[in-house]
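The values are calculated or read from the model by the stated rules, or taken from the named source; none is laboratory data. Since we're looking at a predicted model, the values are computed, not measured. Cβ: placed from backbone, ideal geometry, glycine included. Neighbour counts: every protein chain shown. Note: areas computed on protein heavy atoms with side chains; ligands, DNA, RNA excluded. Shrake-Rupley method; radii C 1.70, N 1.55, O 1.52, S 1.80 Å.
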Amino acid sequence: MALLGKKIQPMTKEDWKELLLKNAILIVIFLIIIGIIIKEPAFLSTTVMRNILTQSAVRLILAFGVGGIIIIQGTDLSLGRIVGFSAIISGSLLQRLDYASRFYPDLQPLPLIVPLLISCAACAVVSGVSGLVVAKFKIHPFLATLGMMITLYGVMSIYFASGDPGPQPIGGFDNRYTNFVIGTTLGIPNLVIYAVIVSIVVWILWNKTTFGKNLYAIGGNPEAAKVSGVNVFKTTIIVFIIAGILYGIGGFLEAARIGSANNGTGNGYELDAIAACVVGGISFSGGVGKVSGAIIGVLLFTIISYGMTFIGLDQYYQYIIKGAIIVAAVALDAKRYIKKV
C-alpha cells in the first residue's frame with residue numbers, strides 16, 4: 001500500500017510501546033471516565049457538561065499561569081494563596097451596600113474594573129517578587145514559591161482579619177459582580193467566555209510573540225538561550241508576572257463563583273492546576289507545552305473530579321486517585337525525558 005509514493009510502514013512492537021507510554025495517563029483517565037458513565041449514565045446530561053465547563057473555566061486560567069512557569073522548568077506552590085489573596089481583595093471591595101457585615105462599611109460602589117485591576121496588580125507584584133528571587137538569586141522556583149506561599153498566607157490572613165466585622169467570611173457580593181461572573185451571554189456561561197478569551201490571548205503570547213519564543217528557548221536550554229541573546233533574567237520575571245495576573249483574574253472570578261471568600265480560599269488549587277498541566281503534556285523537563293494541552297488536561301481532570309463526586313465516591317478515595325494520577329504523570333514525563341537525553 002502506498003500513499004503519495006511512500007509505503008506506510010507497519011507499527012513495530014517498540015512503536016506500540018512508545019505510543020502507550022506517551023498516552024498512558026490519558027488512557028487511564030478515559031477508562032475512569034468510562035467507568036463513571038457506566039455507573040451513572042446521567043453523567044452525560046447537558047446540565048452536567050455545562051457544570052463541568054463552568055468549573056473548568058477558572059482552573060484553565062490558573063493552569064495557563066503555572067503552565068508558563070513549568071515551561072521554563074519551574075513550578076509555583078504559591079498559586080493557591082495568590083488566588084485566595086485576589087479573592088478576598090475583590091470580595092472586600094464588591095459587597096452590597098445593604099449587607100450588614102461589610103468589610104469597608106463606608107465604601108461606595110466601585111466599577112467592576114477597579115477591584116479587578118487592584119487584584120491583578122497586587123497578585124502581579126507578589127508573583128513578580130518570586131520571579132525576581134528565582135532570576136536574581138538562582139533559587140529553585142519550588143523553594144522560592146514555597147516561601148512566598150507561607151508568607152502570603154500570613155499577609156492575607158492579616159488583611160482578612162482587618163475588616164470592620166473581623167475575621168469572618170466575606171460575602172454579600174454586589175449583584176453586578178455576581179451577574180458578571182456567573183451570568184450568561186446568549187445562553188453561554190460568562191465564565192466559559194472569559195476562559196476562551198484568556199485562552200486566545202495566551203495562545204498568541206506563547207506562539208506569536210518574541211516573548212513566547214524566548215519562553216520555550218529558556219525552557220529548552222537556559223544557557224543556550226542566554227548565549228543566543230535571550231534576556232533570561234527579564235523573561236523569567238515577566239513569566240511570573242503574567243502568572244500573577246492570571247491568578248488575579250482567577251481569584252476575582254472564583255470569589256463570585258463560590259459566593260464568598262476567606263483566608264482559606266484557593267488552598268490546594270495549585271495541585272489541580274499543576275496536575276492538569278502535566279496531564280496535558282506541559283513537561284517539567286522544560287520547553288514543551290501547548291495551550292491545547294492545558295485545555296485538555298484541565299477538562300479531563302475536572303471531569304474526573306466532578307465525576308467521582310457525582311457517583312458519590314468518598315473524598316478520601318478521590319485524593320488517592322488524584323495523587324496517583326499526578327505521580328504517574330510526572331513519572332512518565334520524567335521517563336520520556338530521560339529516554340530523549
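Reported count of residues in region 258-271, each being touching a helix residue (DSSP H, G or I) at 6+ places or on another chain (Cβ under 6 Å) and within 24 Å of residue 195 (Cα to Cα), is 7. Within region 167-206, being open to solvent by 30 Å² or more (accessible area, probe 1.4 Å), in a helix (DSSP H, G or I) and under 21 Å from residue 92 (Cα atoms) holds for 175, 176, 178, 179, 180, 182. Could you check, for region 261-275, whether at least one of its residues is open to solvent by 30 Å² or more (accessible area, probe 1.4 Å), touching a strand residue (DSSP E or B) at 6+ places or on another chain (Cβ under 7 Å) and under 21 Å from residue 103 (Cα atoms)? Yes, region 261-275 has at least one match.
On the basis of being closer than 30 Å to residue 215 by Cα and not in a helix (DSSP H, G or I), does residue 75 make the cut? First the steps, then the outcome.
Numbers: closer than 30 Å to residue 215 by Cα: yes; not in a helix (DSSP H, G or I): yes.
It is true that residue 75 is closer than 30 Å to residue 215 by Cα and not in a helix (DSSP H, G or I).
Number of residues in region 105-134 that are without any contact (Cβ under 8 Å) to a residue 60 or more places away in the chain and either among the hydrophobic types (A, V, I, L, M, F, W, C) or part of a helix (DSSP H, G or I) (or both): the value is 8. So, residue 162, is that one among the small types (Gly, Ala, Ser), out of contact with any Cys (no Cβ under 9 Å at 6 or more places or on another chain) and surrounded by 13 or more Cβ atoms within 10 Å (Cβ to Cβ) or not? So residue 162 does not fit the description; no. For region 267-277, the count of residues that are within 23 Å of residue 213 (Cβ to Cβ) and under 19 Å from the mean Cα position of the chain (by Cα) is at least one.
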